[in-house]
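As structure tokens, the structure follows; a few thoughts come after it.
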Amino acid sequence: MYDNDLSDIVAADKRHVWHHLVQHKAFESSDPRVIVEGKGIHVWDATGKRYLDAVSGAVWTVNVGYGRESIADAVRDQLVKLNYFAGAAGNIPGALFAEKLIEKMPGMSRVYYNNSGSEANEKAFKMVRQIAHKKSGGKKHKILFRDRDYHGTTITCLSAGGQPERSAQYGPYTPGFVEVPHCLEYRAADQGWGDLSGAEYGRRAADAIEEVILREGPDTVGALCLEPVTAGGGVITPPEGYWPRVQEICKKYDILLHIDEVVCGLGRTGTWFGYQNYGIEPDMVTMAKGVASGYAAIACLVTTEEVFDMFKDDASDPMGYFRDISTFGGCTAGPAAALENMRIIEEEGLLENTLAMGARLMERLEEIKARHEVVGDVRGKGLFCGLELVTDRETRAAVAENDAQAVVADCAAQGVMIGVTNRSLPGLNNTLCLSPALIVTAGQIDEIAAAIDAALTKVFG
Ligand code: PMP
């Protein structure tokens, strides 16, 4: 497709590309790993080395795998017909995808198109603020977020972020965002909750949200924004007891529940959406990565009809609607790709495969835990799993970041790409992350596990 030498491309990248999440000073002495091709679950770099990608494009995105010609065809056909139109006008894939999506989300009703997870979350925050202005003169405007959760990269999303190292240097922040405690059972003791576990821990962590609401004043709190399974904060799956109590608290204080499905959405946990594992009834849901598996940039903010209705109660009020636009929300490539992405998930039975392969992956990880003292905790839902590495199972002290990175590097050398939580606070970069494409086979699950097993032996003995 490009007739340049690969070495020229690597050199151009090194000279001019400012990479995401990279400390470029440390990177100067090595060549970037330029990925040139993908097929199924595998990718190839510029040297021709093949990797089994167990993180779906580094950040849990390529749910249906690489090289899907039917998505490329759908996007191409749509682009030559109509690539773009914004504003009040509709378009064919936008209408069809919205309908298909809502079919899978009982209780939800309206789809607002955006182009990134951060943007979708930011729009949800704007809706909460506008509802507060309409219903309580702006009073019920506070938005609660959870320690360790991440909701995006803009200054406002960082204000709603429970990963302080990501926001530390970007203040001042947007006011009105308030943190609630995390829900990681393995770290109950660090929260002062002793050895509480299971549903008891889940309820305690949810009660802690109510304590914050009461402290802030329930009439000032408009929404609670949570990831169904916390992703970058350590692959955290809340135990039983948590979600029913969270839902109850939201209803009790008339607080909108906004679920951030940017990572879990479209099959990652074996259900269409992560929240559907827990019987949650959200008011707003945001999603991005898996919506089109990275074949086009698209994110959605989905609301109930009740939320939608709050923005159309008075047609004569010039301020009475959601006064917002997203330029690239008018790109048709996104919904065209998303529609085909969803068809693939359905027709290839990828939710079923995710449940079966996720169970196999958890089994393999438990076996690894039994063999390696350094594995303190194994967590997961569907094809989204984490292994927390500790120097001592009693104290649960985290391994050094370099050691966790060494495991990732050794797996890559073996031809398997895995991830590690990207937190630069000491003691928080110790969870290995796995999220292979939903097409992964039993043999590939075993290959991923074997690579981790070997890497742990190499790094920790
Ligand atoms: N929410 C969650 C849970 C995420 O993990 C991310 C990105 N990793 C975002 C929001 C932000 O999405 P984007 O990078 O598309 O803006």
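The values are calculated or read from the model by the stated rules, or taken from the named source; none is laboratory data. Since the structure is predicted, the reported quantities are computational estimates derived from the model, not experimental observations. Cβ sites come from the backbone with ideal geometry, for glycine too, and all protein chains shown count toward neighbours.
Step by step: first the residues of segment 147-191, then only those that are away from the ligand (no atom under 11 Å from the Cβ) and among the aliphatic types (A, V, I, L, M), then the one that is surrounded by the most Cβ atoms within 10 Å (Cβ to Cβ). Which residue is that?
This residue is LEU184.
Just to be sure I understand the filter: pairs with C-beta atoms under 8 Å, separated by 6 or more residues or on different chains, first member in segment 290-309 and closer than 13 Å to VAL128 by Cα and outside the structural domain of GLY117 (by TED's automatic domain parsing), second member among the acidic types (Asp, Glu) and surrounded by 24 or more Cβ atoms within 10 Å (Cβ to Cβ). Which pairs pass?
That search, which allows pairs on different chains as well, returns nothing.
How many of the residues in segment 85-113 are touching a strand residue (DSSP E or B) at 6+ places or on another chain (Cβ under 6 Å) and either of a type in the set (Gly, Ala, Ser) or modelled with pLDDT under 95 (or both)?
Adding up the residues that qualify gives 1.
Among the residues of segment 48-71 satisfying the criterion of being in contact with a strand residue (DSSP E or B) (Cβ under 7 Å, 6 or more places away or on another chain) and within 16 Å of ARG343 (Cα to Cα), which is farthest from the ligand (Cβ to nearest atom)?
Among them, the one singled out is GLY67.
Could you grab me the full set of residues in segment 26-83 that are under 21 Å from VAL235 (Cβ atoms) and more than 22 Å from the chain's Cα centre (by Cα)?
The one that is under 21 Å from VAL235 (Cβ atoms) and more than 22 Å from the chain's Cα centre (by Cα): TYR51.
Out of curiosity, is GLU122 within 16 Å of the ligand (Cβ to nearest atom) and acidic (Asp, Glu)?
yes
Condition check: within 16 Å of the ligand (Cβ to nearest atom), over 23 Å from ASP283 (Cα atoms) and under 25 Å from the mean Cα position of the chain (by Cα). Does LEU224 satisfy that?
no
Could you say whether any residue in segment 44-55 is part of a helix (DSSP H, G or I) and free of Cβ contacts under 8 Å to residues at least 12 places away in the same chain?
no
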